[in-house]
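Undergrad: Sending over a structure as structure tokens; questions will come in a sec.
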Amino acid sequence: MRKTGFALLAGLFVLSIAAGGWAAEPAGKSAAVAEPPSWQTATVVEETATVEAVDQKTRMVTLKGPKGKSVTFKASEEVRNLAQVKVGDEVKFAYYESIAVRVLKAGEAFPTAGESAAMARAKPGEKPAGVIGTETTVNATITALDKKAKTATLKGEDGKSVTVTPLRPEKLDEVKVGDRLVITYTEAIAVKVEKKEKK
């Protein structure tokens, strides 16, 4: 998983990832996920920061993280509805990452490999919010297995080979040399600004 510290998440506010909520589809469905994966690993990291200062003229924003650390940055023009952001508002970040592996059935053709992306933004007048995501599909064939070392050697459609250690080594017992795999990597980041609820 990539590093997702508060400073990095805050920096994402600068990007043009300004969606109308967390439920937006991070990436278009591809043929690779038309069938349920044989196994999948997913991670979600969530953090909340508080707006300490915002200068609408210079677009400088200061966020205070959950551990008291503050980060100041300039929100780009791509960040829609910055005028709706007020001191005391909460900025919620969510990072989602998953790796899904599907073992193709005998006679089943590889789906089209590649990458797709999607982005959504808040409507004018709403608090800034956004989601951006990418989905990458890779096809490979298992050419070697070393269960003692907990590794598998995969050969891609381009003819190149790579030896990897699966996140879940126990799954090596469920595959064999010659199996064809469809590996789908999904990554999505969401940012949402909300008025802090009074307790």
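Undergrad: Inside the stretch 151-199, can you point out the residues that are closer than 20 Å to Ala100 by Cα, of a type outside the set (A, V, I, L, M) and surrounded by 14 or more Cβ atoms within 10 Å (Cβ to Cβ)? Spell out the reasoning first.
TA: Filtering the stretch 151-199 down to residues closer than 20 Å to Ala100 by Cα leaves 151-157, 161-189.
If we keep only those that are of a type outside the set (A, V, I, L, M) as well, we get 151, 153, 155-157, 161, 163, 165-166, 168-171, 173-174, 176, 178-180, 184-187.
Of everything in the stretch 151-199, those that are closer than 20 Å to Ala100 by Cα, of a type outside the set (A, V, I, L, M) and surrounded by 14 or more Cβ atoms within 10 Å (Cβ to Cβ) turn out to be Thr151, Thr153, Lys155, Gly156, Pro166, Lys171, Asp179, Arg180, Thr184, Tyr185, Thr186, Glu187.
Undergrad: Let me ask something else about it. Could you count how many residues in the stretch 39-73 are surrounded by 13 or more Cβ atoms within 10 Å (Cβ to Cβ) and basic (Lys, Arg)?
TA: Qualifying residue count for the region: 3.
Undergrad: Could you check the stretch 104-122 and list, in sequence order, the residues that are modelled with pLDDT under 90 and either surrounded by fewer than 16 Cβ atoms within 10 Å (Cβ to Cβ) or of a type in the set (Lys, Arg) (or both)? Break it down stepwise before answering.
TA: Of the residues in the stretch 104-122, the ones modelled with pLDDT under 90 are 117-122.
Ala117, Arg121, listed by residue number.
Undergrad: Looking at this structure, is Thr184 β-branched (Val, Ile, Thr) and in a strand (DSSP E or B)?
TA: yes
Undergrad: Step by step: first the residues of the stretch 24-38, then only those that are surrounded by fewer than 16 Cβ atoms within 10 Å (Cβ to Cβ) and more than 20 Å from Ala118 (Cα to Cα), then the one that is modelled with the highest pLDDT. Which residue is that?
TA: Quick first cut of the stretch 24-38, residues surrounded by fewer than 16 Cβ atoms within 10 Å (Cβ to Cβ) only: 25, 28-29, 31, 34-36.
With the extra rule that they be more than 20 Å from Ala118 (Cα to Cα), the set shrinks to 35-36.
Values: Glu35: 74, Pro36: 81.
So, considering only residues that are surrounded by fewer than 16 Cβ atoms within 10 Å (Cβ to Cβ) and more than 20 Å from Ala118 (Cα to Cα), the one modelled with the highest pLDDT is Pro36.
Undergrad: Evaluate the following for Lys192: is it within 30 Å of Val91 (Cα to Cα), part of a loop (DSSP other than H, G, I, E, B) and among the basic types (Lys, Arg)? First the steps, then the outcome.
TA: Numbers: within 30 Å of Val91 (Cα to Cα): yes; part of a loop (DSSP other than H, G, I, E, B): no; among the basic types (Lys, Arg): yes.
Judged against the criteria, Lys192 is not a match.
Undergrad: Anything in the stretch 148-181 that is under 19 Å from Pro36 (Cα atoms), of a type in the set (Asp, Glu) and not in a helix (DSSP H, G or I)? List them, or say none.
TA: Hit for the stretch 148-181 is Asp179, nothing else.
Undergrad: Tally up the residues in the stretch 38-66 that are over 30 Å from Ile99 (Cα atoms) and assigned to a loop (DSSP other than H, G, I, E, B), please.
TA: 4
Conditions tested, residue by residue: (1) charged (D, E, K, R); (2) within 30 Å of Glu194 (Cβ to Cβ); (3) assigned to a strand (DSSP E or B).
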| residue | (1), (2), (3) |
| --- | --- |
| Arg102 | yes, no, yes |
| Pro111 | no, no, no |
| Ala117 | no, yes, yes |
| Ala120 | no, yes, yes |
| Pro124 | no, yes, no |
| Lys127 | yes, yes, no |
| Thr134 | no, yes, yes |
| Ile142 | no, no, yes |
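The values are calculated or read from the model by the stated rules, or taken from the named source; none is laboratory data. Remember, predicted model here, so these are calculated numbers, not experimental data. FYI the Cβ positions are ideal-geometry reconstructions off the backbone, even for glycines, and counts take in every protein chain you see.
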